[in-house]
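The values are calculated or read from the model by the stated rules, or taken from the named source; none is laboratory data. Remember, predicted model here, so these are calculated numbers, not experimental data. Note that we place each Cβ from the backbone using ideal geometry, even for glycine, and neighbour counts take in every protein chain shown. Accessible surface is based on the protein model in full, side chains and every heavy atom, while ligands, DNA and RNA are left aside. Shrake-Rupley method; radii C 1.70, N 1.55, O 1.52, S 1.80 Å.
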Amino acid sequence: MEHAVAATPAWAVLAYLVAGVLFILSLRGLSSPESAQAGNRNGMIGMAIAVATTLALHPTGLPFIIGAIAIGGGIGWVIAQRIQMTAMPELVAGFHSLVGMAAVLVGCAAYLNPAAFGITDGAGSILAVSRVEMGLGVAIGAITFSGSIIAFLKLSGRMSGSPILLPGRHILNLGVLAGILVLTGVFALDATAAAGGGPLLWIILGLSFLIGVTLIIPIGGADMPVVISMLNSYSGWAAAAMGFTLQNSAMIITGALVGSSGAILSYIMCRAMNRSFISVIAGGFGAEADAGGPKTSGPAKSYKAGSADDAAFIMQNAESVIIVPGYGMAVSQAQHVLREMGDLLKKEGVSVKYAIHPVAGRMPGHMNVLLAEANVPYDEVFELEDINSEFGQCDVAFVIGANDVTNPLAKTDKTSPIYGMPILDVEKAKTVLFVKRSMGGVGYAGVDNPVFYADNTMMLLADAKKMVENIVKGLNGGGH
Amino acid sequence: MDFLSILSIFVLAVAVGYYVVWSVTPALHTPLMAVTNAISSVIVVGALIAAAEGVEAGGVSMWLGLAGVVLASINIFGGFAVTRRMLAMYKKKDKKPAASK
C-alpha cells in the first residue's frame, strides 16, 4: 500500500489519459459556436471519467464523498442557473478562487497523509521532488485563492475598483515571492519536513495568501481583463503541480491546457491595450493618470448634445449603423433594449453591425456574451480587426458605454497613457452618436476623448438603458 | 511513471494547449474561461484520494479532502452548467424563408 500511485493499474492510467484528451477536445470545440456545445459535453464526459476512475481506485468512504459531491454540485448548479450574464466576470473570479483553495487543501492533505498519495520512500518520508511539487502547488493555489477573492470583490463592486497602492509594494512583493521560492527549496531539503513535521509548509502557505492580496489590490478596474485571465492561468498551473505530485496525466494535461489558455488570454488583453504584462502587474493604472495626461483646464470645450428623438431620426435615415458597446452597456443592462433598437433599424432597411474591442468590458469576450444573451446573432458581431476599416464608409457609429477604446489620442498623443492602444476608429463615421452618462467622467484611463467635441459627434447624455429606450420609442413613433 | 515521463506529458500538453487556445474564436473567450475553470477542477481527483484514503487513516486529511471535494464540485457543476447556458445563447442570424432551402 505504500506505493499506491506506482501500483495504479493500467486501465486507470488509460482512463485518465482519455479524460485528458476529452478536455483537449472540449477546448477545441470552442473554435466555433456550432461545435462549442459538443465541446462542453466532451469536458463533462472527461470529468465524469476522471471522477469515476478515482472512486473505483479508492472505494472507501463513498457515502461521505457522494454527500460532498452532492452538496458542492447542488450549490454550483444553483449558482450557474441564477447568475446574471452581466455578473459573469465576478462569477469566474469566484470560481477561480475555489480551484485555488481546492489545490491548497489537496496539497495539505497530501502533506499530512503522504502514504495515501504514494509519495513516500521505503522509510515513509516524503520524496524531495514531491515536496517541491507540493510546495509550489500549495503556493500557486494560495495565490490563486486570495488573488481571485480580491478580484471578485473588485469586480462585484464590494471593494473599490481603483488601485490601492501600498508604499514600497514592488519591493514587498518581490521579497515575499523570493521568500516563497527559498522556503520551498528549504522545504525540499529539510529532514523534518520529509518526515511530515515542521512549520515550513504552513509558512509558505501564509506568505502565498498574503502575496495574492498584495499583487491584486494595486491593479485598477480597467486592467481586470488581464488579471482575470492571469488568475485563470494560475489555477491551471496549480492543478498541474498537484498532477505532478499525484503522477496523474488527466491533471497534468488539464493544468497545462488551462495554464496556457489563461496565459494566451492575458497576452491578447495586454496587446489590445498596448501595455506590457509587467506594467499591468505592477499596477496603479488609472490612479496617476490625472497627473500624467494633458490637463483639460481652461474654458470648457463645446460639444453638441442631442436628444433621443434626434438620434432616432439620424439612424432611421442612415444606411449603415455600427454599434460599439462597452462596459457602460453592461452596467446599465442595456443589451436587450439595444437589440430591440437594432431590430427596428433593420426593419427600416438600415444595415446594423456590432463592433467589439477586445478589452471592452471586464473580461475577455464579455460583450459577446451579453449580446448573445440579448439574442443578437453572432454573425452580426465583429472583432476590431474585421470591422475597423468599415467605419470610414458607415453613416453612424453608435457608441454606448465605451470610451477609451474609441479615443483617437491613442494614435496621436505620445504623452497619453493609452498611446499605442489599438482603437475602434469611430471618429471616421459620418456621424458619431455617443451615449454617456454625463460629460464628467472620462473613462478609466482618466483621459479626455476628443471625439466628444468633434463636429460630427452628437453626445447623448443619459443612462445608457434609458437613452436607448427613448430612442426605441422615437423609432416606433416615427413610423406613422 | 518517472518524473521525466510526466514532464514530457506536461510539455507536450502545454504545446497542444497553445495551438488549441489560439484557435478559439474571440467571441467565445468568456465561455473559454468558464470551461477552463470547470476542467481545472479535475483537482477533485486529489481531493477524492485524500478523502477516501483519509477515511481509514482518519483525522484531518479526510476533512481537508472532503472540503476539497465540495469546493471542486461547486466548480465542476457550476462551471459546466454556466458554460452550457452561455453557449445556448449564441445563435446565428435567422435565415429568412427562401434565403436558403
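Any chance you could check the Cα centroid distance between the stretch A:93-111 and the stretch A:183-252 for me, in angstrom?
Cα centroid of the stretch A:93-111 versus Cα centroid of the stretch A:183-252: 9 Å apart.
Can you show me the helix-derived [θ] at 222 nm for chain A, built from DSSP H runs with n ≥ 4 at -39,500 (n - 2.57) apiece and divided by the number of residues, rounded to the nearest 500. Intermediate results must be reported in sequence, preceding the final value.
Details: 19 runs with 276 residues, N = 480.
Mean residue ellipticity at 222 nm (helix-derived): -18500 deg cm²/dmol.
What shape does chain B have by the C-alpha gyration tensor, where a ≥ b ≥ c are the square roots of the eigenvalues, rounded means a/c under 1.5, and otherwise prolate means a/b greater than b/c and oblate the rest?
oblate
Enumerate by residue number the trypsin sites (Lys or Arg not before Pro) in the stretch A:367-461 meeting two conditions: DSSP loop (anything except H, G, I, E, B), and at most 11 other Cβ atoms within 10 Å of the site's Cβ.
Qualifying residues, ordered by number: A:Lys414.
Just the accessible area for B:Tyr90, please: 1.4 Å probe, Å², rounded to the nearest 10?
The accessible area of B:Tyr90 comes to roughly 20 Å².
Any idea what the relative contact order of the stretch A:128-218 is, in percent, if you count C-alpha pairs under 8 Å spaced at least 6 apart?
Values: 84 pairs, mean separation 50.0, N = 91.
Relative contact order comes out at 55 percent.
Hey, got a sec? Which trypsin sites (Lys or Arg not before Pro) in the stretch A:111-198 land in a DSSP loop and have at most 13 other Cβ atoms within 10 Å?
Answer by residue number: A:Arg158.
Compute the distance from the alpha-carbon center of the stretch A:376-397 to that of the stretch A:1-79, in whole Å.
Cα centres, the stretch A:376-397 to the stretch A:1-79: 41 Å.
Once the other residues with Cβ under 13 Å from the Cβ of A:Leu345 are scored (Lys, Arg +1; Asp, Glu -1), what is the net sum?
Net charge in that neighbourhood comes out at -2.
To the nearest 0.05, how large is the calculated FRET efficiency for A:Ser32 and A:Ala56 if R₀ is 35 Å and r is the Cβ-Cβ distance?
0.50
Which part of the stretch A:377-402 falls in the paramagnetic zone of B:Thr25, meaning amide N under 13 Å from the point 7 Å along Cα-to-beta-carbon?
Only A:377-383 fall inside the zone, counting backbone N under 13 Å.
Normalised by the residues of chain A, what does the relative contact order come to in percent, with Cα pairs under 8 Å and at least six apart?
Values: 839 pairs, mean separation 68.8, N = 480.
Once normalised by length, the contact order is 14 percent.
Over the alpha carbons of the stretch A:194-242, what is the largest minus smallest coordinate on each principal axis, giving the biggest first in Å?
That works out to 47, 23, 6 Å along the principal axes.
Per-residue ellipticity at 222 nm for chain B, helices alone: DSSP H runs ≥ 4 residues times -39500 (n - 2.57), over residue total, nearest 500 deg cm²/dmol?
Value at 222 nm, helices only: -25500 deg cm²/dmol.
Full-extension gain between A:Val129 and A:Leu174, please, as 0.36 nm times their residue separation minus the C-alpha to C-alpha distance.
Stretched out fully, the A:Val129 to A:Leu174 stretch lengthens by 13.7 nm.
Taking only Cα atoms, what is the 0 to 90° angle, nearest 10, from helix A:464-477's long axis to the longest principal axis of chain A?
40
Which whole-Hz ³J(HN,Hα) couplings does the stretch A:339-350 yield from phi under the Karplus relation 6.51 cos²θ - 1.76 cosθ + 1.60, θ = phi - 60°, glycine and proline marked x?
After applying 6.51 cos²θ - 1.76 cosθ + 1.60, I find 5, 4, 4, x, 4, 4, 5, 4, 4, 7, x, 8 Hz.
From the C-alpha gyration tensor of the protein assembly as shown, pull out the three semi-axes of the equivalent ellipsoid (sqrt of 5λ each), sorted largest to smallest, in whole Å.
48, 27, 18
Which is farthest toward the positive dipole end of the protein assembly as shown among A:Met251, A:Val182, A:Gly349, measuring Cα position about the Cα centre, with Cβ charges +1 (Lys, Arg) and -1 (Asp, Glu)?
A:Gly349
Which whole-angstrom value gives the distance between the alpha carbon centres of the stretch B:2-20 and the stretch B:51-75?
28
Rounded to the nearest 10 degrees, what's the angle between the helix A:224-246 long axis and the longest principal axis of chain A, both from Cα atoms, 0 to 90?
Approximately 20 degrees, to the nearest 10.
Please give me, ordered by residue number, the trypsin sites (Lys or Arg not before Pro) of the stretch B:29-99 that lie in loop per DSSP and have at most 12 other Cβ atoms within 10 Å. Provide the component values of the computation, followed by the final result.
Working: sites: B:Arg84, B:Arg85, B:Lys91, B:Lys92, B:Lys93, B:Lys95; in loops: B:Lys91, B:Lys92, B:Lys93, B:Lys95.
Of the trypsin sites (Lys or Arg not before Pro), the ones in loops of the stretch B:29-99 whose Cβ has at most 12 other Cβ atoms within 10 Å are B:Lys92, B:Lys93, B:Lys95.
What percentages, rounded to whole numbers, describe P(r) for the stretch A:343-420 computed over all alpha carbon pairs with 5 Å bin width beginning at zero?
3, 13, 21, 25, 20, 10, 5, 3, 1
Roughly how big is the stretch A:302-458's charge dipole about its Cα centre, with Cβ charges of +1 (Lys, Arg) and -1 (Asp, Glu), in debye to the nearest 20?
On the way: 12 positive and 20 negative charges, 80 e Å.
Around 380 debye, computed over the stretch A:302-458.
What's the FRET efficiency of A:Val78 with B:Tyr18 using the Cβ-Cβ distance as r and R₀ = 60 Å, to the nearest 0.05?
After rounding to 0.05, the efficiency reads 0.95.
With +1 on each Lys and Arg Cβ and -1 on each Asp and Glu Cβ, and nothing else charged, work out how big the dipole of the protein assembly as shown is about its Cα centre, in Debye to the nearest 20.
Roughly 860 debye, rounded to the nearest 20.
Mind checking the angle between helix B:44-57 and chain B's longest principal axis? C-alpha axes, 0 to 90 degrees, to the nearest 10.
Helix B:44-57 and the main axis of chain B meet at about 20 degrees.
Rank B:Met89, B:Met62, B:Met33 by mean-square fluctuation in a GNM of chain B with C-alpha springs under 10 angstrom and give only the top-ranked residue.
Maximum among the listed residues: B:Met89.
Apply the a/c threshold of 1.5 to the C-alpha gyration tensor of the stretch A:1-139 and tell me whether it is rounded, prolate or oblate.
Working: a/c = 1.91, a/b = 1.59, b/c = 1.20.
The shape class here is prolate.
Among B:Thr25, B:Leu4, B:Ala47, flag the residue with its Cα farthest along the positive direction of the charge dipole of chain B, charges on Cβ as +1 for Lys/Arg and -1 for Asp/Glu.
The Cα lying farthest towards the positive end belongs to B:Thr25.
Remind me, what semi-axes does the stretch A:159-239 give for its equivalent ellipsoid, largest first in whole Å, using sqrt of 5 times each Cα gyration tensor eigenvalue?
Value: 29, 15, 9 Å, ordered largest first.
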